[in-house]
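The block underneath contains the structure these notes are about, expressed in structure tokens.
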There are 6 protein chains.
Amino acid sequence: MANKVKEAWKAGKAVVNGWLAIPNAFSAEMYSKAGWDSVTVDMQHGVQDYLSCVACFQGIQLSPATPMVRVPWNEPGIVGKVLDAGAMGVICPMVNTAAEARALVQYSKYPPAGTRSNGPIRAGAYGSSGNYQKTANDEILVIPMIETKTAIENIREILDVPGIDGIYVGPSDLSFSYGKEPKLDVEDPEILAIYDMLLAETGKRGIAAGLHNGSPAYANRMIQKGFKLVTIANEVGLMVQAATAAVKAARG
Amino acid sequence: MANKVKEAWKAGKAVVNGWLAIPNAFSAEMYSKAGWDSVTVDMQHGVQDYLSCVACFQGIQLSPATPMVRVPWNEPGIVGKVLDAGAMGVICPMVNTAAEARALVQYSKYPPAGTRSNGPIRAGAYGSSGNYQKTANDEILVIPMIETKTAIENIREILDVPGIDGIYVGPSDLSFSYGKEPKLDVEDPEILAIYDMLLAETGKRGIAAGLHNGSPAYANRMIQKGFKLVTIANEVGLMVQAATAAVKAARG
Amino acid sequence: MANKVKEAWKAGKAVVNGWLAIPNAFSAEMYSKAGWDSVTVDMQHGVQDYLSCVACFQGIQLSPATPMVRVPWNEPGIVGKVLDAGAMGVICPMVNTAAEARALVQYSKYPPAGTRSNGPIRAGAYGSSGNYQKTANDEILVIPMIETKTAIENIREILDVPGIDGIYVGPSDLSFSYGKEPKLDVEDPEILAIYDMLLAETGKRGIAAGLHNGSPAYANRMIQKGFKLVTIANEVGLMVQAATAAVKAARG
Amino acid sequence: MANKVKEAWKAGKAVVNGWLAIPNAFSAEMYSKAGWDSVTVDMQHGVQDYLSCVACFQGIQLSPATPMVRVPWNEPGIVGKVLDAGAMGVICPMVNTAAEARALVQYSKYPPAGTRSNGPIRAGAYGSSGNYQKTANDEILVIPMIETKTAIENIREILDVPGIDGIYVGPSDLSFSYGKEPKLDVEDPEILAIYDMLLAETGKRGIAAGLHNGSPAYANRMIQKGFKLVTIANEVGLMVQAATAAVKAARG
Amino acid sequence: MANKVKEAWKAGKAVVNGWLAIPNAFSAEMYSKAGWDSVTVDMQHGVQDYLSCVACFQGIQLSPATPMVRVPWNEPGIVGKVLDAGAMGVICPMVNTAAEARALVQYSKYPPAGTRSNGPIRAGAYGSSGNYQKTANDEILVIPMIETKTAIENIREILDVPGIDGIYVGPSDLSFSYGKEPKLDVEDPEILAIYDMLLAETGKRGIAAGLHNGSPAYANRMIQKGFKLVTIANEVGLMVQAATAAVKAARG
Amino acid sequence: MANKVKEAWKAGKAVVNGWLAIPNAFSAEMYSKAGWDSVTVDMQHGVQDYLSCVACFQGIQLSPATPMVRVPWNEPGIVGKVLDAGAMGVICPMVNTAAEARALVQYSKYPPAGTRSNGPIRAGAYGSSGNYQKTANDEILVIPMIETKTAIENIREILDVPGIDGIYVGPSDLSFSYGKEPKLDVEDPEILAIYDMLLAETGKRGIAAGLHNGSPAYANRMIQKGFKLVTIANEVGLMVQAATAAVKAARG
């Protein structure tokens, strides 16, 4: 049950991450074979729920990509369920304080590090037998999203919470909370300065910083900058973009 | 219940057609908004069945695109069901003889033109009330696929079957049946000569010829050549292609 | 595994039958509790497929109603599957000849009466253990639909086919095939005369005649006339009718 | 993305609202065509979850009705998800205090009015491009349910919370909390007096009052009284009521 | 709507309980016919969500077993929904304090005992008409899980909360929280002493104690010991165990 | 895309095969990990349809087992669809004549060996790129079921049809057609003599004989006898059997 994202990070490498909004296992399976290091089921803004997440995990695990999830909210029921289903990383939206970060860690880790309930119905069937409960706390990544002004103000306390493996930046919500237009691939200097600060603070603590991107070019630039987990849009966005271009080109 | 594909053909225009393999209404809805004139649910090679077809039709009809279907086989049960669900065109694989073409027309048309059973459970709710049964035979397109050597040998008899509105060419099966490699966007002169013959024979009879394409550029070339219904790959293919390119570009 | 429809018929009673077009077990469950003697899943014109039929059967069997099915077509695969799922009666569309009626009986009965394959995955779990295969041929109703001019011309041969328990008349298709407007609750004398003939011919042979109706009043009249299986519209039709009336009444 | 319910309210008109308990897009689609101004997916007491809500929204949007939702609980995860899916109004059960009302507004509005996270996966595809985030706070209705004695005691503080567009009364829970029998279409003077007070208090503040009704006649009376959003039962209730009547009438 | 589990407890009998992790109504139906007194849908660690729970309830109710549920978390939205769907007992994980136990009772009971909202969409269709709301508070079992050291420390206060009908012990979480290996069928003296204490304390108060077991033999031993609700593994575990044995035996 | 069943047969080994009746990917996934060489989705008597078959294939392919299918009937549409979905073997019921066997081969093989249409939507994504169409005819097993007296009478002609890789015996249908009780694990000498004949005739031609069994012990005996593909019951049967035993043992 070694987590390949964690291994990549240990080796200093950046991880290119896919993002699933379509609640369908076939779609997830085909998309996951495109070369991603990890693929994340987006239960917050994607058209996903718990059972579609399980189905997508099955699709993802038919490829070499590591299955992760963005939960809809920092709530113990759903965090436990997606971990039981086999998530190797939990990205959690709107973590604004150290208390919220500690709660997320509690929900995600078995005792004594946390209060996760035992019963890895699907997750336990992977990896060496009987070993899951012993390695889960180490292998599964806990990744709060940093996407508000409040979170930025509390960033040091959040990052100091034991059990946090990385952070994930949501650029459009972050911009929104600073009174700016909500968008990806920002060039706003104030936001870019925040990115620099986040890279510095995570770097000091040996944890990873991730970022949601709108385009591969921007994602590549952010890898250069030091982000270790970069996502590009989502599968439905790429599909619609490709379809729109195909229609135009076919019409000539 | 006017069929916009039929109207486009009457106006001499080519129709750019989408193709759905993912059995999901949300995916179908988003994809259909990309500008297609029509979108076809592929029940033959797509991961689609009857209920997913109904769901995809709902997604398609939230866009301006005309909903069509490729049935899995020339069988009266399924032809009737997809028409009742609201298909405005039926593309049928592997129609190799005039008898098979006549059967397809029979399954697709109400008496006296055919033997379709009355009960347009969903289709009847669209268009002006009570009118569906009076206009369906005229408005719904019946489109046999021409994709074998046998079909080519019988082409004139097939095209002469009353009720056929067009044909749709499956290039990879056609190539396969001529002992060639099965592929789209063919440049093989023998196959291209068949295309010319099909365009000539359909043109004579005032019916449309359609073609499945692998790329927008080839589709555009085929519109220039005279094809009136061009499809580009399918939505899952476009998505995987875009994802593969995005991963590569992000890695740099 | 006694079939209550069969028992009612033996007692000379008419059966009031529900009709399911919505592919949902909860909807089927609630609707089935409304007092129907039997409820039929309409796989031909309803928005139903095999798995939704199984789900609806579960809903129906939570009420006292007997579960039946209208198959999409006279095809051995689907007939076998719905029987295995627990159908206690099979209504089959468009049976126009004795040969077609014989085929339907073959598909529906175990050897030596027919060629149905053994494997009642769900049906076998009901009734006394191990008994299903011994009683199925007697208890399950085989009911061809008589709904074309051709069928009327062949009616005596069709009714003479051993194993036929009743017929079911589709008024709109019957009218259609006689060049009339396709509708339920017909008053056309030619069609009504056909009903009289069908009641006489089935009566002679001790088998039941059924009819699809658009309104309860007409259904009641047809019970008086001698029909032993009367359906009223379908659940979605009743719902939309009630909703339309409710909206109007609320607006005043 | 203009909200027709809001426009009706501005014009002083009452809105007749449908209510969906059946988790099926086809059923939702047919029901929504019955003439409702808006149709609400009931995720609290209906047999609905998030994915069935999305499916029902697709069905609703194939009619002119405005899609709304009753969320299962005042919880940020689900409020965000249904808004992203395209809800134009959020009815929230059991809002008993101003603090709870403020929380609901926070979950429902983008910054700076609230803390809704950006990512309108399906909602953003409707309305003019890029405009969704700018208009959502104004167009989407936030409607707490007033259905307990506590809520009545706190009503002025609740109604004064900025961002509340209306209230929705649940008569059976309200009666229950006052120690009365839980029922719709109440004639109890104490409850009717509460209705008068609610109409007066909402009227003063220029916001709408809504009510759940059991019959069209009562709904009509309540429109006369001043309620601006009236629902009549739900679709499964209307269906079962109609079915029960049909069975009785058919039996004669 | 008499609850057979409650009746068994009144009669001093132990209840043998099934456990569903597979989100499928057919599987639930077949499994429930195996002789269980009750069958519980496991929404916490099972691959279940709300709609699969409803489907499984339909399957369970086709057998004599009483339908119960383990909710994913102590949260009012989901507790209300599963009760509306027909749960006759609610097992709630991780109840560690009297306050949490009181919250669970509040969510589960109608006024004045609690704050459950009225709308038993499916549950109300069972039992004598109109009676559901009058009997639900008495008939539906509220069963907190006792599975942490904290819960054991607070056990008397928890058990004293009015409305608690029993407790359910999760052995692996309990062991985990005491720093032991998380497992079922424990022989650890410290844990067994806790069992004795729990049996004594529940016995004094006339409420039932339940236990999750890994094997029938251990479950039988625990019945002897005084547990009144014993579960054996879950259906998928039994299936995989049987399959593994079958493969080995077939290979010889 | 090497077929491990084929490889086992080449090596003279028997294959132990699982059988899926539950239409659920999670259930299929867990069951497939139990050690089977191959797992077959039963679309004939199982509660399976095309989309559930695809889901089960995803579950199976998360284990080392080879995915196969029993189609509902010898029909080109469904044979093509399950092959496109990734079936590595097609077991077809009720093949009674050489003509039927030839039809099955035609449906299952690409030109020139057959008439299968090109479009391996999911199957093509496995194995080395672009290679699927070149290897499919060799790697995919075509296995008619021999389960009637007629088939036995035509056995030599059936076995001589080019492209047949093996046969699969359905003991209960075979017994049924000989006027015997339909059951598995038969000891009837007439049927056992037929088994000997089938083993001899298949052996002569170098093709495999398979058998459906009710118990591991009988399956093991049949391996000794020479059968090369043995199935034991199905997953739902094993589950119910295990559950029944567990209930009894728990009660003591």
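The values are calculated or read from the model by the stated rules, or taken from the named source; none is laboratory data. The shown structure was predicted, so the numbers you read here are calculated from the model rather than taken from an experiment. Neighbour counts are summed over all protein chains in view; Cβ atoms, including those assigned to glycine, are modelled from backbone coordinates with ideal geometry. Accessible surface areas use protein heavy atoms only, side chains included; no ligands, DNA or RNA. Shrake-Rupley method; radii C 1.70, N 1.55, O 1.52, S 1.80 Å.
At-a-glance table
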{"quantity": "Rh by Kirkwood over Cα pairs, then Stokes-Einstein D for chain C at 1.306 mPa s and 10 °C, µm²/s", "calculated": "87"}
{"quantity": "7 Å along Cα→Cβ, label-point gaps from D:Ala113 to other copies, nm, shortest first", "calculated": "4.2, 4.2, 5.2, 6.6, 6.8"}
{"quantity": "Nearest-first distances (nm) between copies at F:Glu153, label 7 Å from Cα via Cβ", "calculated": "3.4, 3.4, 8.2, 8.7, 9.0"}
{"quantity": "Region F:59-120 shape via C-alpha gyration tensor axes, a/c threshold 1.5", "calculated": "oblate"}
{"quantity": "Label geometry 7 Å along the beta-carbon vector: A:Ile191 inter-copy distances in nm", "calculated": "4.6, 5.1, 5.1, 6.4, 7.1"}
{"quantity": "Over chain F: helical MRE at 222 nm, DSSP H runs n ≥ 4 each giving -39500 (n - 2.57), nearest 500", "calculated": "-13500 deg cm²/dmol"}
{"quantity": "Kyte-Doolittle mean at least 0.0, axial Cα span of 18 Å or more - DSSP H helices of chain A", "calculated": "A:189-205, A:235-251"}
{"quantity": "Kirkwood estimate for the protein assembly as shown, i.e. one over the average of 1/r between Cα atoms, Å", "calculated": "33.5"}
{"quantity": "Angstrom value of the Kirkwood radius, inverse mean 1/r, which spans all Cα pairs in region B:120-181", "calculated": "13.9"}
{"quantity": "Local net charge near F:Asp37, Cβ-Cβ under 9 Å (Lys/Arg +1, Asp/Glu -1)", "calculated": "+2"}
{"quantity": "Axis-proximal residue, chain C, for the rotation superposing C on F (Cβ, Å)", "calculated": "C:Asp49, 4"}
{"quantity": "Kirkwood hydrodynamic radius (C-alpha pairs) into Stokes-Einstein, region F:1-122, 4 °C and 1.567 mPa s, D in µm²/s", "calculated": "89"}
{"quantity": "Amide H contacts of A:Gly166 (H built 1.01 Å from N, under 5 Å, at least 5 apart or other chain)", "calculated": "A:Val142, A:Ala208"}
{"quantity": "Net dipole in debye of the protein assembly as shown [+1 Lys, Arg Cβ; -1 Asp, Glu Cβ; about Cα centre; nearest 20]", "calculated": "0"}
{"quantity": "Anisotropy class of region B:1-61 from Cα gyration tensor, a/c 1.5 cut", "calculated": "prolate"}
{"quantity": "Long-range HN-HN contacts of E:Trp19 with modeled amide H, under 5 Å", "calculated": "E:Thr40, E:Glu235"}
{"quantity": "B:Lys183 long-range amide H proximity, modeled H, under 5 Å", "calculated": "B:Ser172, B:Ser175, B:Phe176"}
{"quantity": "Set of lysines near A:Lys225 by C-alpha distance (under 23 Å), chain-local residues within fewer than 8 positions excluded", "calculated": "A:Lys4, A:Lys6, A:Lys10, A:Lys13, A:Lys149, A:Lys180, A:Lys183, A:Lys204, B:Lys248"}
{"quantity": "Cα-based Rg / Dmax (Å) for region F:134-239", "calculated": "13.9, 45"}
{"quantity": "Loop trypsin sites (Lys or Arg not before Pro), region D:5-59, which have at most 14 other Cβ atoms in a 10 Å radius of their Cβ (DSSP)", "calculated": "D:Lys13"}
{"quantity": "Gyration tensor (alpha-carbon) shape descriptor, region E:36-186, a/c threshold 1.5", "calculated": "oblate"}
{"quantity": "Contact surface F-E: accessible area buried, both sides summed, square angstrom, 1.4 angstrom probe", "calculated": "2700"}
{"quantity": "Inter-chain shielding of E:140-148 (mean C-beta neighbours from other protein chains, 10 Å cut-off)", "calculated": "1"}
{"quantity": "J(HN,Hα) series, region C:159-166, from Karplus relation 6.51 cos²θ - 1.76 cosθ + 1.60, nearest Hz, glycine and proline x", "calculated": "5, 7, 5, x, x, 7, 9, x"}
